[in-house]
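A short write-up of the structure that comes next.
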Amino acid sequence: QVQLVESGGGLVQPGGSLRLSCAASGSIFRLNAMGWYRQAPGKQRELVAGIAPDGSTNYESFAKGRFTISRDNAKNTTSLQMNNLKPEDTAVYFCNARIVPWYNSGAFDYWGQGTQVIVSA
């Protein structure tokens, strides 16, 4: 089975920084795109940033210049460095990965359990 586990969330003051990490493990044949999403109470889950196996990245506008996504293909991990955090960044952050498992020829989206980020003075 495939599992994604996030870590690094917490409480931070406005202007502060957090680094989120996500590790994928299990029956992984191919690990395709990885990304981070977030969901605030009463709102839809939204993309924060994504990264392809070749390292190319995509950021939503609110994340550009503040957040940096990276990945380590050897370790099946992705990280999200978040700087200059704002109260509106408060949300549960989810790791996502598109994975081809050993038992199937197709790719599937897998999700972590989420990690809470609270930005408050």
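Below, the figures for the structure above:
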read-out: Along the chain, longest interval not containing exposed chymotrypsin sites (Phe, Trp or Tyr not before Pro), exposed being DSSP loop plus at most 16 other Cβ atoms within 10 Å; value: 1-101
read-out: Partner lysines for Lys43 [C-alpha distance under 23 Å; skip if fewer than 8 residues away on the same chain]; value: Lys64, Lys86
read-out: Stretchable slack from Lys43 to Ala107, in nm (0.36 nm times residue separation minus alpha-carbon distance); value: 20.3 nm
read-out: Charge context of Ile28, other residues only, Cβ under 13 angstrom, K/R +1, D/E -1; value: +3
read-out: Region 4-96 - Rg and Dmax from Cα coordinates, angstrom; value: 13.0, 40
read-out: Full-stretch length increase - Asp54, Phe29 - with 0.36 nm per residue and alpha-carbon distance subtracted; value: 7.3 nm
read-out: Probe 1.4 Å, protein heavy atoms only - accessible area per residue of region 1-91 in square angstrom; value: 52 Å²
read-out: Only Lys, Arg (+1) and Asp, Glu (-1) charged, at Cβ; the chain dipole about Cα centre in debye; value: 60 debye
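The values are calculated or read from the model by the stated rules, or taken from the named source; none is laboratory data. Since this is a predicted model, take the numbers as computed values, not measurements. Glycine gets a Cβ as well: all are built from the backbone with ideal geometry, and neighbour counts include every protein chain shown. All accessible areas refer to the heavy atoms of the entire protein, side chains included, with ligands and DNA or RNA removed. Shrake-Rupley method; radii C 1.70, N 1.55, O 1.52, S 1.80 Å.
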